[in-house]
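Input: a single structure, listed below in structure tokens.
Derivation of every value follows stated rules applied to the coordinates shown; laboratory data play no part. Remember, it's a predicted structure, so these values are computed and weren't measured experimentally. Virtual Cβ from ideal backbone geometry, glycine too; neighbours counted across all protein chains shown.
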Amino acid sequence: MDGVLVFSEDAWFAVYNETLASFGHAPIRRAAFDAIYGNGTEADRAAYMPERTVAEIDAAYRGFFETHLGLIRPNSEAPAVLAALRGAGIRTSVATNTNRALAGRILEAQGLLGLLDDVSGADEAGAGKPDPAVVRLAAARAGAPLSRCVFVGDSRYDEEAARRAPVRFVGLGYGAGERVGTLGALPALVGAAASRTRTASDS
């Protein structure tokens with residue numbers, strides 16, 4: 001979700017520091033935040049709020065996020081890409097370290113929730129990336145075996161989760177392996193792979 005469909009790092013930075021303040025902690029600088037961004041609530045807790053539970057932190061995130069939705073920037077290519085994938089009969093399922101309720105709120109605010117077949121959060125899977133649990137859950141909800149899935153991500157956490165799942169990984173402007181420069185390039189790449197799979201199954 002983050003870094004692929006939406007760009008929400010500015011919102012998360014504000015929310016994270018407000019959460020820290022609400023629990024009596026000092027705010028952190030942007031560089032320190034960037035070093036942990038995308039880790040998931042469990043990692044956030046371990047880094048700066050070990051005295052709190054994951055449930056308490058997630059509740060704070062949900063409460064503070066509402067006031068920062070305006071800081072989220074959509075990936076302008078996302079609506080057309082999701083529509084193209086759906087039109088080609090390809091199911092889409094989000095695997096995010098954000099808890100499911102908040103992820104749904106973010107995607108809905110950007111007009112993307114209705115274009116997706118499912119959304120899976122780390123809280124539902126029991127672990128966040130780089131653990132592969134949420135990737136496997138997203139694949140299961142898409143109704144496809146991992147061998148037929150493509151996981152698109154923009155970070156080392158995504159890449160490691162894909163490796164451990166295991167599932168084919170395509171980096172969005174990231175990584176030394178298979179990658180695309182823009183989200184708009186994805187339908188052609190995925191469509192070609194789906195066509196090869198159908199041809200192989202028919203032969």
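If we count other beta carbons within 10 Å of each Cβ, what is the order of Arg164, Arg30, fewest first?
Final ranking by Cβ density, sparse to dense: Arg30, Arg164.
So what is the diffusion coefficient of the stretch 6-71 in µm² per second by Stokes-Einstein at 10 °C and 1.306 mPa s, using a Kirkwood Rh over Cα pairs?
134 µm²/s
Before anything else, pin down the relative contact order of the chain: Cα pairs under 8 Å, at least 6 apart, normalised by residue count, whole percent.
So the answer I get is 18 percent.
Starting with the fewest neighbours, write out Phe7, Phe151, Phe64 ranked by other beta-carbon atoms found within 10 Å of each beta-carbon.
So the residues, fewest neighbours to most, are Phe7, Phe64, Phe151.
Using each residue's phi in the stretch 130-144, evaluate 6.51 cos²θ - 1.76 cosθ + 1.60 at θ = phi - 60° and report the 3J(HN,Hα) Karplus result to the nearest Hz, with x for Gly and Pro.
Ordered by residue, 3J(HN,Hα) equals x, 4, x, 4, 6, 5, 5, 5, 4, 5, 4, 6, 6, x, 10 Hz.
Residue-wise, which Karplus ³J(HN,Hα) couplings in Hz belong to the stretch 22-36, taking 6.51 cos²θ - 1.76 cosθ + 1.60, θ = phi - 60°, and x for glycine or proline?
So the Karplus estimates, Gly and Pro as x, are 5, 9, x, 9, 6, x, 10, 6, 4, 5, 5, 5, 4, 5, 10 Hz.
Taking one equal scatterer on every alpha-carbon of the stretch 87-129, how large is log10 of I(q)/I(0) by Debye at q = 0.13, 0.21, 0.22 1/Å?
-0.28, -0.65, -0.70
Would you grab the residues whose amide H sits under 5 Å from the one on Arg179? Only those 5+ places off in sequence or on another chain, please, with H modelled 1.01 Å from N.
Gly171
Mind pulling the per residue volume of the convex hull built on the Cα atoms of the stretch 152-191? Å³ is fine.
55 Å³
Would you mind calculating the gained length between Ser76 and Leu146 on full extension (0.36 nm times residue separation, minus the Cα-Cα distance), in nm to one decimal?
22.4 nm
Which of Ile57, Ile90 has the fewest other C-beta atoms within 10 Å, and how do the rest follow up to the most?
Least to most surrounded, the residues fall as Ile90, Ile57.
Residue by residue, what Karplus-based ³J(HN,Hα) values in Hz, rounded to whole numbers, does the stretch 79-95 have, using 6.51, -1.76 and 1.60 with θ = phi - 60° and x for Gly and Pro?
x, 5, 5, 5, 5, 5, 5, 5, x, 8, x, 9, 7, 10, 9, 7, 10
Can you give the FRET efficiency to the nearest 0.05 for Glu108 and Ala84, using r as the Cβ-Cβ distance and R₀ = 25 Å?
0.75
Over the chain, what number does the Rg to Rh ratio reach, with both radii from the alpha-carbon atoms and Rh per Kirkwood?
0.98
What are the residues whose amide H is under 5 Å from the amide H of Phe7, where those residues sit 5 or more places off or on another chain and H is modelled from the backbone?
Arg73, Asn75
Compute the relative contact order of the stretch 1-118 as a whole-number percentage, counting only Cα pairs closer than 8 Å that sit 6 or more residues apart in sequence.
Contact order relative to length: 32 percent.
Looking only at the stretch 75-202, where both bridge partners belong to it, what percent of the DSSP beta bridges are antiparallel (to the nearest 5)?
So the antiparallel bridges amount to about 0 percent of the total.
Using a Gaussian network model of the chain whose springs link C-alpha atoms within less than 10 Å, name the residue from Ala103, Ala138, Ala88 with the highest mean-square fluctuation.
Evaluated over the chain, the most mobile residue of the options is Ala88.
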